[in-house]
Amino acid sequence: MPGAIYAEGLVKTFGDVRALDGVDLDVPEGTVLGLLGPNGAGKTTTVRCLTTLLRPDRGSAVVAGIDVLKHPDAVRRSIGLSGQFAAVDEYLTGRENLQMVGQLYQMKAKAAKVRAAELLEQFHLADAADRPAKTYSGGMRRRLDLAAALVVSPPVMFMDEPTTGLDPRNRQQLWEVIKQLVSGGTTLLLTTQYLEEADHLAHDIAVVDHGRVIARGTSDELKARTGGERVEVVVHEREHIATASEVLSAFGRGQGEVAVEEHMRKLTVPVTGGAKLLAEVIRELDTRGIEIDDIGLRRPTLDDVFLSLTGHVAEVKDEENGAASAKQGGEQDTKQSGKDTVK
Ligand SMILES: Nc1ncnc2c1ncn2[C@@H]1O[C@H](COP(=O)(O)OP(=O)(O)OP(=O)(O)O)[C@@H](O)[C@H]1O
Ligand SMILES: [Mg+2]
């Protein structure tokens, strides 16, 4: 029995670029799937295929029980989408933008007004509600775009990097909104570059690279697969980094290389041996006269998982909305003209 979002063998090529190379996904109803992957991995293309904005060359997809290729209109009525680049009408105010979405969904004018006011409050836009959206900051636009995706509560939602460009407070608030939404039964597919976000929100994670799902599991499962613990040390003096690195390397597991973050004076090495080993590391550093600001044992983070699977660190883009869309360049498909939001 396929879940609320189901895809099998999605392939999409743009000229020479094989953006999707056989993506399979299955998201059970009422759960959150976090789609992670480096830039250009195919996350947005997957979302666009599943939300009917783009037709895959091959494969099939069922969303909210409806065949995406056969009945795109019906799918559109059952989903909400917040695209990677905020799509709001610049010349309308925040309030008008939200009311317009309500009316597109055939809400009564009064109901649309009430819903718009609720969302403006929830997304901390009440003070700016009656200003044209073109006067909004990047973070405000992003919030307005997300609010627009929530005007009606569709059973299935897609959010492509929902919190890119939001400050930490707004990000946390959005997480709360998302949790509420999911506890109400919504199924969500979310892409993100913030691994902490996936850790926080996603029941299940799919890592994509080169248009394929290369790993799948809960955050804990993926971390367990990456394996082992790490000793993390922050040395007091920058000059001690090299010696500390030698010490850690001797305690490292297997080919356990020491990762050094110079600017933070932080060194990390995969180990086995737990607290006992940690005590030995501390003694050895002390013997060598290396003063430390912090030391600890930690489990792999999702960042470690991501790094070991894809060979890249997750790249966080702090660009905001429209301006960045040029990065994809190349061929544009005709179905989508700038707006990435199904309303
Ligand atoms: N309309 C298009 N025309 C040509 N190439 C495209 C188009 N859309 C996507 N691509 C290419 O397909 C690949 C996957 O792009 P996609 O936008 O899905 O990546 P992504 O995982 O969302 O990346 P990011 O993290 O940067 O948002 C990239 O190589 C991209 O350049
Ligand atoms: Mg993308």
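Among the numbered conditions (1) in contact with a strand residue (DSSP E or B) (Cβ under 9 Å, 6 or more places away or on another chain); (2) within 16 Å of ligand 2 (Cβ to nearest atom); (3) modelled with pLDDT of 95 or more; (4) on the phi < 0 side of the Ramachandran plot, the only one that F85 does not meet is (3). A single member of T163, T192 is within 22 Å of A19 (Cα to Cα), of a type in the set (S, T, N, Q), within 16 Å of ligand 2 (Cβ to nearest atom) and surrounded by 22 or more Cβ atoms within 10 Å (Cβ to Cβ), and it is T192. What's the total number of residues in the range 23-62 that are away from ligand 2 (no atom under 16 Å from the Cβ), under 13 Å from I5 (Cα atoms) and not in a loop (DSSP other than H, G, I, E, B)? Here the count works out to 7. Tallying residues that are within 13 Å of ligand 1 (Cβ to nearest atom), within 17 Å of A202 (Cβ to Cβ) and touching a His at 6+ places or on another chain (Cβ under 8 Å) within the range 22-50 yields 1. Please indicate, with yes or no, whether at least one residue in the range 63-77 is within 16 Å of ligand 1 (Cβ to nearest atom), touching a Phe, Trp or Tyr at 6+ places or on another chain (Cβ under 9 Å) and either of a type in the set (S, T, N, Q) or under 24 Å from H203 (Cα atoms) (or both). No: zero hits. Taking the range 245-287 as the region of interest, how many residues are more than 35 Å from the chain's Cα centre (by Cα) and either surrounded by fewer than 18 Cβ atoms within 10 Å (Cβ to Cβ) or small (G, A, S) (or both)? Total satisfying the criteria: 11.
The values are calculated or read from the model by the stated rules, or taken from the named source; none is laboratory data. No experiment lies behind these values; they were computed from the predicted model shown. Glycine gets a Cβ as well: all are built from the backbone with ideal geometry, and neighbour counts include every protein chain shown.
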